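J.: My questions all concern the structure below.
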Amino acid sequence: MKNGYLAPEGFAEQLAAELGTTERYDRLFLSSAKKPLWAQNTWIEPRILSFSSVSDAAKKLRELGSLWAFYPHQLVRKGSLIQEKLPYFSQKPLPFPCKRPAAPLGSWMLLDEKTLLASPVCSSPFPHGEPHFLETKVPPSRAYLKLWELFTLIGTMPKPGDLCLEIGASPGSWTWVLSQLGARVIAVDRAPLAPEITPHSFLRQDAFALEPMQDIAWLFSDAACTPEKLLRWVEKWLSAKSNANMVCTLKFQGKTDYAIAREFEKIEGSATLHLSHNKHELTWIRINPSGKMN
Ligand SMILES: C[S@@+](CC[C@H](N)C(=O)[O-])C[C@H]1O[C@@H](n2cnc3c(N)ncnc32)[C@H](O)[C@@H]1O
């Protein structure tokens, strides 16, 4: 059975290369591959439906599921008319923190004037896997949106008082997010933080020279380094029996290093995803083996 995999904007060629499929509708690929790294939303086992009119298409979609997002690959006018006849859901920017929407959101597109492709269930509760947040102007860079998106998707985040170690913290927008949640942040970078960012403590040094520490509830890395260097460092923490939840950005220079990405994925309780706020990078997370993320 095939799934539909939607590539993030600007990353369709990465997903095309990963899947090696030619069944493609702009950024959407149909493939029987499992869990590609570069998909931002998965359409679970989409089906083809024939319809006779705009009302008939909307009726058939309503019979399959209640909430739908139209993927405007082509025939945009007709698709919009059908979408207008489907139940409304708010797409207002979300205030953070917010709950992950509980209702399943389907995706659909027009194949031609009388045929559509639809999945009533997709991996993301957000249209096309893209949550939009009410943005503030406080943080020194837009990297904070990665954490807002991740925490909303996984439904968990550091609690007030949790000790977080964050490497590659400059200029400080992740530190800002974590501090706003009430966590105690040890920020590490060779570069300074923006003056308005005031973590619990700041270590200005090479982050990879740091040895594993006790009592760290969450470990974060958005450091500009090779995924291989990061993997060796994470392995050091795991060997030291760290129970920390881990959130790391894997940054690729040029080609995606699939071998290293798969090495990360082999770590127990972990997953790799492409957030819509990621660039040429993936986000790797590890839930501590007790199954609880604090
Ligand atoms: C993309 S920036 C991080 C942005 C940050 N997450 C934020 O929200 O503001 C990457 C950072 O990694 C830092 N970095 C790279 N290698 C490092 C190392 N070995 N030790 C400490 N910091 C490092 C760089 O100095 C840079 O500030």
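J.: Against the longest alpha carbon principal axis of the chain, how many degrees, from 0 to 90 and to the nearest 10, is the axis of helix 227-239 turned?
T.: 60 degrees
J.: Short version: ³J(HN,Hα) in whole Hz for each residue of region 91-99, in order, from phi by Karplus 6.51 cos²θ - 1.76 cosθ + 1.60 (θ = phi - 60°), x for Gly and Pro, what are they?
T.: Karplus-based 3J(HN,Hα) across region 91-99 equals 10, 5, x, 8, x, 9, x, 9, 7 Hz.
J.: What pairs in 60/279; 2/229; 146/266; 78/137; 34/251; 34/241 have C-alpha atoms more than 29 Å from each other?
T.: Check vs 29 Å cut-off fails for 60/279; 2/229; 78/137; 34/241.
J.: Let's see if you can work this out: charge +1 on each Lys and Arg Cβ, -1 on each Asp and Glu Cβ, no other charges. What is the dipole magnitude of the chain about its Cα centre, in debye to the nearest 20?
T.: Using Cβ point charges on Lys, Arg, Asp and Glu, the chain gives about 500 debye.
J.: What's the magnitude of the charge dipole for region 144-286 around its Cα centre, counting Lys and Arg as +1 and Asp and Glu as -1 at the beta-carbon? Answer in Debye, nearest 20.
T.: Values: 15 positive and 16 negative charges, 24 e Å.
With only Lys, Arg, Asp and Glu charged at Cβ, the dipole is about 120 debye.
J.: Any idea of the accessible area per residue across the chain, 1.4 Å probe, to the nearest Å²?
T.: Here the per-residue accessible area is 47 Å².
J.: Round to a whole number: what % of the accessible area of the chain belongs to carbon and sulfur, probe 1.4 Å? Let's see the in-between values first.
T.: Working: 7480 of 13890 Å².
Of all accessible area on the chain, carbon and sulfur atoms account for 54 percent.
J.: Taking Cα centroids, how far is region 138-182 from region 9-45 in Å?
T.: Distance between centres, Cα-based: 29 Å.
J.: In degrees, nearest 10, range 0 to 90: what is the angle between the Cα axis of helix 144-154 and the longest Cα principal axis of the chain?
T.: Orientation of helix 144-154: about 70 degrees from the principal axis.
J.: For residue 74 and residue 134, what is the calculated FRET efficiency with R₀ set at 30 Å and r taken between the beta-carbons, to the nearest 0.05?
T.: Details: r = 32 Å, r/R0 = 1.06.
Approximately 0.40, to the nearest 0.05.
J.: Oh, and also: Whole-Hz ³J(HN,Hα) for each residue in region 63-80, computed from phi via Karplus 6.51 cos²θ - 1.76 cosθ + 1.60 with θ = phi - 60°, x for glycine and proline: what do you get?
T.: Values, residue by residue: 5, 7, x, 9, 10, 9, 10, 8, 9, x, 6, 7, 6, 5, 5, 5, x, 5 Hz.
J.: Moving to a separate point now. Please give the Cα centre distance for region 213-239 versus region 99-129, rounded to the nearest Å.
T.: 36 Å
J.: While we're looking at this one, here's another question. In the chain, with Lys and Arg counted as +1 and Asp and Glu as -1 at Cβ, which of these residues, 186, 65, 7, has the Cα nearest the positive end of the dipole, that is, farthest along it?
T.: 65
J.: Oh, and also: Go through 276, 261, 94 and say which Cα lies farthest out towards the positive end of the charge dipole of the chain; charges sit on Cβ, +1 for Lys and Arg, -1 for Asp and Glu.
T.: So the residue we want is 94.
J.: About the Cα centre, and with charges only on the beta carbon of Lys, Arg (+1) and Asp, Glu (-1), how big is the dipole of region 42-91? Nearest 20 debye, please.
T.: In total the dipole reaches around 120 debye.
The values are calculated or read from the model by the stated rules, or taken from the named source; none is laboratory data. If you're wondering where the values come from, they're calculated on a predicted model, not measured in any experiment. Virtual Cβ from ideal backbone geometry, glycine too; neighbours counted across all protein chains shown. Accessible surface is based on the protein model in full, side chains and every heavy atom, while ligands, DNA and RNA are left aside. Shrake-Rupley method; radii C 1.70, N 1.55, O 1.52, S 1.80 Å.
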